[in-house]
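Below: the structure, in structure tokens.
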Amino acid sequence: MIRYDSDLRHLIGNLAQLEGSVFATAAAIALPNALMAAFLFWVFNEGDGFTFFTAGKGILNVPAPWAAFTGSLGIVLVFRNGQAYSRWWEGISACNSMRCHMFDAATMTIALSKDSTRPDAELRHFRHLIVRLFSVLHAVAVADVEAAQTCENGMIHRLPVIDLAGLDVETLTALVECKCKVQLLLYWLQEIVVTSQSSGILASPPPMVSRVFAEIGSAVASYNQAMKLARNPFPFAYAQTVNALLVFHWLLTPILSSEMSGNAFWAAVFSFIQVFSLWAINIVAMWIEAPFGFDPNDVNGAELQEEINSWLIMLLVTSGERGPALSDAAKARIDADADDRRTSETKLHTYNSLLDNTLHMGEEPPRRTGPPLEIELRQHGTLRLVDDALEFSRRSTAAGSAREATRRSAAAPQRPSHPLLPANAADSWEGAPTRSFHLGSSLTRPSP
């Protein structure tokens, strides 16, 4: 697969690159067509005996049918190109997914053997066997997909495998003689996982070991997805129809270009552009609708194999080493940050509680125009903010109490004053504002 830089600075270089480009093939098809258009223009305008195509009298001067035919052909080509790109992307996704699931299964298998109490030599042999089998499995799977696409056998010999000679003779013999190599390797791996669990090499609980089988199953699903694309090409009837329409277009373009152009040069130019564009789109579709093989735009199986080999070798190198750990300085810094965070969270909770307690007093909480409160508490200290909040709460409580007293005083009835009321009527009124006083017969109006 070709990797390139899509930046505009590399535009000229990308246009001039020939590897993986369809320009050369499309130009080789369009150039004879352009020369034929120039020749026909000379024949129609300078030669004799071709009055049927003479400009102004020929039936080909009406461009509408030709435009309709070219537009329909373009739509058909764009549809095929879209379907081809979908197949190409699906093939790439299937191969990468298969590789990732195989590596995940190998990683889990080796990681689950860390808690085993078996001898170290037995664990080393187990891990090396797992790494070799997964490397062979990926190579055989990629080779099967490429062979199904190109109908060629022996693809596995071009893919690097981790120490294939390290397997015993019986294993290699069975692998060479078996026609379903992928299925055989899958069975071997699953059998090894089961027997290793019973022997104590994989001492983890069964639910954790089942994840290995799940990853192997996902890898098989991706492998079958890639095989589906490799064994089932783009529909022949559709491809045949598109190619036939392109041939018709190639034959008619010189005639139409020579009739509709003012000179031989423009007849050749228009003919070249039309043929080059349509055939380039068709060739792109032909190349990418079969994503497996050896073309520059196909999936690079050798590169995928080399990458997974490097990953598997990394497992062997690191599996026997001590696991990662934090340094003492990092641990101290993390503990200090945790203590500061707990202190900040406590003071933040205190501050928010004080603000909530002032809402019923009718005071608006202080509006913060700076950074969020959490950031300010941690960056600028919390003690001053909490002190300010306490002072604000005290002021709000005092102001609220004063307003409440004023409200009650305004709501209470006025103290009565009437010459007919006795002297103690005011005291009784203040003590019981809702009591009604009835003037009896013993009360007499004072003389003026």
Here region 76-86 yields Karplus 3J(HN,Hα) values (6.51, -1.76, 1.60; θ = phi - 60°; whole Hz; Gly and Pro given as x) of 5, 5, 5, 4, 5, 5, x, 5, 5, 5, 4
Can you give the accessible area of His101 in Å² (nearest 10), computed on protein heavy atoms with a 1.4 Å probe? 40 Å²
Calculated FRET efficiency for the pair Met208/Ala67, C-beta based, R₀ 60 Å, to 0.05: 0.35
Whole-Hz ³J(HN,Hα) for each residue in region 138-143, computed from phi via Karplus 6.51 cos²θ - 1.76 cosθ + 1.60 with θ = phi - 60°, x for glycine and proline: what do you get? 5, 5, 5, 5, 5, 5
What GluC sites (Glu not before Pro) does region 125-211 have in DSSP loop regions with at most 15 other beta carbons within 10 Å? Glu152
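The values are calculated or read from the model by the stated rules, or taken from the named source; none is laboratory data. This one's a predicted model, so the numbers in the text were calculated from it and none came from an experiment. All Cβ positions, glycine included, derive from the backbone under ideal geometry; neighbour counts span all protein chains shown. Accessible surface is based on the protein model in full, side chains and every heavy atom, while ligands, DNA and RNA are left aside. Shrake-Rupley method; radii C 1.70, N 1.55, O 1.52, S 1.80 Å.
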